[in-house]
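A.B. asks: Before we start, here is the structure in question, set down as structure tokens.
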Amino acid sequence: MKTLLLASALFAGLFGSLAAAPAPGPAPGPDPSTSHAYCRTTWHFETPCGDISNTLAKQIQDSSPEYKLVIFTPSYIKANHTSDIPEGEDIGLAFNPTLMTKECCVTAMSTSFGFTSRLDDGLNYCNLYNLLLASDLNSSPGFKETTNKWACPGYALATCKAWRAFILK
Ligand SMILES: *[C@@H]1O[C@H](CO)[C@@H](O)[C@H](O)[C@H]1NC(C)=O
């Protein structure tokens with residue numbers, strides 16, 4: 001927790017101005033079969049955003065070295081994920097309190113740095129969903145996920161399984 005607070009203060013100071021940058025969709029390329037594979041999904045929780053962002057940031061740190069926390073502010077998390085695909089994936093999580101202030105809507109985006117098939121066997125989807133599984137947030141009160149095949153082309157192919165080592169932590 002101490003590390004987390006320190007990281008938070010550090011990143012808020014160094015990167016605060018970058019924190020609001022939204023994750024852009026992929027630019028259309030000349031070859032539609034390869035691209036920067038991506039997945040965007042939305043999570044709704046009946047829990048305040050501060051608790052959700054702390055839990056996810058801690059899960060990312062506990063899941064090192066596969067995940068690396070790059071930026072952590074109360075409204076935005078940026079992380080790297082290492083996979084078999086060269087350069088890995090960029091993960092962005094934006095936390096928006098809803099009108100009901102005790103609820104939180106999270107826009108989660110994972111994008112491959114390298115060029116790869118847009119149908120990524122659910123890799124980018126699972127990069128996001130595994131964080132929920134590992135931290136048990138997928139079974140928190142009122143949890144709902146919204147995505148579709150345009151926002152997340154690999155969604156239908158995904159079979160995500162969190163690593164047991166993460167769950168035991
Ligand atoms: C995250 O990945 C990018 C692209 O590979 C790299 O430039 C950056 O140094 C990485 N950040 C951390 C904290 O590992």
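The values are calculated or read from the model by the stated rules, or taken from the named source; none is laboratory data. Since the model is a prediction, treat every value here as computed from it, not as a measurement. All Cβ positions, glycine included, derive from the backbone under ideal geometry; neighbour counts span all protein chains shown. Remember, those area values only see protein heavy atoms, side chains included, never the ligands or the DNA or RNA. Shrake-Rupley method; radii C 1.70, N 1.55, O 1.52, S 1.80 Å.
A.B. asks: Among the listed residues 115, 72, identify the single one that is within 16 Å of the ligand (Cβ to nearest atom) and surrounded by fewer than 20 Cβ atoms within 10 Å (Cβ to Cβ). Before the answer, list the steps.
C.D. replies: Details: 72 fails: surrounded by fewer than 20 Cβ atoms within 10 Å (Cβ to Cβ).
None of the other options fit; the residue is 115.
A.B. asks: Name the strands (runs of 3 or more DSSP E) wholly inside the stretch 44-125 in which the number of residues that are out of contact with any Leu (no Cβ under 9 Å at 6 or more places or on another chain) is 3 or more. Outline the logic, then answer.
C.D. replies: On the way: elements: 67-73, 76-81, 89-97, 104-112.
Counting at least 3 such residues, we get 67-73, 89-97, 104-112.
A.B. asks: Let me ask something additional. Evaluate the following for residue 114: is it in contact with a Pro (Cβ under 8 Å, 6 or more places away or on another chain) and within 24 Å of residue 69 (Cβ to Cβ)? Before you say what the answer is, go through the steps one by one.
C.D. replies: Numbers: in contact with a Pro (Cβ under 8 Å, 6 or more places away or on another chain): yes; within 24 Å of residue 69 (Cβ to Cβ): yes.
Here the answer is yes, as residue 114 does meet what is asked.
A.B. asks: For residues that are modelled with pLDDT of 85 or more and open to solvent by 30 Å² or more (accessible area, probe 1.4 Å), tally how many sit in the stretch 95-110. Full working, then the answer.
C.D. replies: Within the stretch 95-110, the subset modelled with pLDDT of 85 or more is 95-98, 102-110.
Going one step further and asking which of them are open to solvent by 30 Å² or more (accessible area, probe 1.4 Å), we end up with 96-98, 102-103, 105, 107.
Going through the stretch 95-110 one residue at a time, the tally reaches 7.
A.B. asks: Residues to consider are 39, 49; find the one that is crowded, with 22+ Cβ neighbours inside 10 Å and not aliphatic (A, V, I, L, M).
C.D. replies: Being crowded, with 22+ Cβ neighbours inside 10 Å and not aliphatic (A, V, I, L, M) holds for just one of 39, 49, which is 39.
Yes or no, residue by residue, for (1) surrounded by fewer than 17 Cβ atoms within 10 Å (Cβ to Cβ); (2) over 11 Å from residue 37 (Cα atoms):
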| residue | (1), (2) |
| --- | --- |
| 76 | no, yes |
| 121 | yes, no |
| 130 | no, yes |
| 154 | no, no |
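A.B. asks: Somewhere in the stretch 145-164, is a residue part of a strand (DSSP E or B), out of contact with any Asp or Glu (no Cβ under 8 Å at 6 or more places or on another chain) and at pLDDT 90 or above?
C.D. replies: yes
A.B. asks: Taking only pairs six or more apart or across chains, which ones have beta-carbon atoms under 6 Å, a first residue in the stretch 138-158 that is closer than 15 Å to residue 124 by Cα and of a type in the set (Val, Ile, Thr), and a second residue that is open to solvent by less than 40 Å² (accessible area, probe 1.4 Å) and at pLDDT 95 or above?
C.D. replies: That search, which allows pairs on different chains as well, returns 147/41.
For every residue, the table says whether it meets (1) near the ligand (Cβ under 9 Å from one of its atoms); (2) more than 14 Å from the chain's Cα centre (by Cα); (3) touching a residue at least 40 places away in the same chain (Cβ under 8 Å); (4) farther than 17 Å from residue 135 by Cα.
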{"position": "67", "(1), (2), (3), (4)": "no, no, yes, no"}
{"position": "80", "(1), (2), (3), (4)": "yes, no, no, yes"}
{"position": "88", "(1), (2), (3), (4)": "yes, no, no, yes"}
{"position": "97", "(1), (2), (3), (4)": "no, yes, yes, yes"}
{"position": "103", "(1), (2), (3), (4)": "no, yes, yes, yes"}
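A.B. asks: Hey, another quick one. Give the residues of the stretch 52-61 that are open to solvent by 40 Å² or more (accessible area, probe 1.4 Å) and not polar (S, T, N, Q), sorted by residue number.
C.D. replies: Step one: filter the stretch 52-61 for residues open to solvent by 40 Å² or more (accessible area, probe 1.4 Å), giving 54-55, 58, 61.
Across the stretch 52-61, the qualifying residue is only 58.
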